[in-house]
Amino acid sequence: MHRLARTGGTAELLRWLAGRAEGWAGIVGPDGTVLHAAARTAGAMVPDVAGLVAESASALAERGVQAYSVDTGEHTALLFPLSGFPQGGFPQSGLPQGTSPQGVGDPAAPVLAVVTPRPVAAGLATLLADVVLPLSLCLQAETLERKRRRVDLAESRGREAVLHLLMTGQLSIAQQVAGALRPRLPDPVRVCVVECSGDDRDEVARVCVDADGGRSWIVRCPVYARHLILVMPAEDAGEKAPEPGAAPTDETVAGRVGDCVVGVSEPVPLADTATGYRQAFHALAVARELPTRHARFGVSPDPALVVGPAGRRWADELLNPLLTHVPRRAQDPGSQELLATATSWLAFSSHATDHLKVHRNTLAARLRLIGELLGLDLHRLADQSALDLALRVRATPAPACTPEAPSSAPPFPYASGTSQAAGGLDAILCRPAVRDWADRQLAPVLGAEETLRTWLRCEGRLGPTAAGLGISVPGARKRLTRLETVLQRSLLRPPSARYDLWLAWRSRDLAAPRH
């Protein structure tokens, strides 16, 4: 009994009992519901074993006795209340398990029921009395384990919800929700993305907790099943480790888990967690090609920081129909929900269904509505890039935008494939600060930009890119993978740098006639 209790639990004990009784064994709730059951053979069961044990369990509860038996002529049902299940669900302090203050079984306790052919084997009743304790302990342990898993799942989903709020810029609500969990959300932060191998994400999470003493906010990525997202205090991954002389958390994790890959962002304010995540994801693409399996995001300003006041006005004008949208029905998505949908889709593409927990048809319907409201064709990379930049500008504090005196340059025509609603973007991309940003983005690939230009011209799709280059799809993938290392950005997996690269090329093309 004790060996089966340790190795197989309730199910194995019941199977063993059914074999010893040459019949049926199960655990029945106080209302007669069969909770667990096992039978030696189908022929060993009486025609209505569930009805028999339910009736017997009801009689046992009414009498408040420690054992009960019923004979049907061909079979005998033996019932014993399980110990350790008082009405509160756990043993009462100061009372022996399995007893009430009057010394009889608790009517709310589950019952061990065995149906055996007559005559009853010698010693079977004693055997059942002996198995009550290990069976009770197994059942309690399994009940507690199920509760623990539900609590873990609830906490995991709570953390995921906080991350979602941070990613969509709802900082105040995120902090309120996070107040019930631990640790507190740090500010400023570095975002770290850990790519695990196989199904060891839980073990890697434990390593992360041990590495930084539980100071980081650890979330299982809802989009990529092998990713962990760490929102760390900025000093833990930067110049200052949790303890003097200790390695930063991200480096410790990469060193202790031999097959994981780690990407880390620059220090960012907590309100810019979405930017930190994109940076960490780009660093992860670089880390995959390094022997250390660890990389930090290189210094590269966000384009939202260099568009200036004119860029902010352009973004406000572009997004205004979305920000002021009022749904016609209460169940339709409002402006905040549509903004969150657009942000998630631009970051995760089709994986936004996992991030937002919506059906793909719901996502498609919301995207159609967003496109109609903004006058954008969201199938085109040009309009996607315009919307992505506008959302990032809106999420950036106004004083952070680089100021610039008004330009007297004439407006440029709309970019090819860009809707009229996003056409004003060209004037923003002509700003000297934006041109400088674009030059820094493209400097690593100048002179060998054919693959990148073709990929952007083909809307970031791999098949058409391969056809345009006259090579195979695997060949195009290899070229883009090499470009990821050169650019230190993710291209093939979202969040992708394709929006920034499209903006950089457009800015460079607009500046070309001036040289």
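Of the residues making up the stretch 350-377, those that are under 18 Å from V223 (Cβ atoms) and surrounded by fewer than 16 Cβ atoms within 10 Å (Cβ to Cβ) number 7.
I'm trying to understand the selection: among the residues of the stretch 282-328, which are acidic (D, E) and part of a loop (DSSP other than H, G, I, E, B)? Residues satisfying the conditions are E289, D302. Counting only strands (runs of 3 or more DSSP E) that fall entirely inside the stretch 124-243 and contain at least 1 residues that are free of Cβ contacts under 8 Å to residues at least 60 places away in the same chain, the qualifying elements are 217-220, 227-233. The selection criterion, being under 26 Å from the mean Cα position of the chain (by Cα), within 28 Å of P444 (Cβ to Cβ), β-branched (V, I, T) and at pLDDT below 90, holds for V286.
For the stretch 206-220, filtering for residues that are open to solvent by 10 Å² or more (accessible area, probe 1.4 Å) and touching a strand residue (DSSP E or B) at 6+ places or on another chain (Cβ under 8 Å) leaves 4. Residues in the stretch 167-195 that are of a type in the set (D, E, K, R) and open to solvent by less than 50 Å² (accessible area, probe 1.4 Å): R190, E195. Of the candidates R461, R477, R498, R482, the single residue that is closer than 24 Å to A427 by Cα and either surrounded by fewer than 20 Cβ atoms within 10 Å (Cβ to Cβ) or touching a helix residue (DSSP H, G or I) at 6+ places or on another chain (Cβ under 9 Å) (or both) is R498. Could you check, for the stretch 251-271, whether at least one of its residues is over 28 Å from A390 (Cβ atoms), free of Cβ contacts under 8 Å to residues at least 40 places away in the same chain and surrounded by fewer than 19 Cβ atoms within 10 Å (Cβ to Cβ)? Yes, the stretch 251-271 has at least one match.
The values are calculated or read from the model by the stated rules, or taken from the named source; none is laboratory data. Only a predicted model underlies this, so the values are computations on that prediction, with no experimental measurement involved. No Cβ is skipped: glycine too gets one built from the backbone with ideal geometry, and neighbour counts run over all protein chains shown. Heads up: the accessible areas ignore ligands, DNA and RNA and are worked out on the full protein's heavy atoms, side chains in. Shrake-Rupley method; radii C 1.70, N 1.55, O 1.52, S 1.80 Å.
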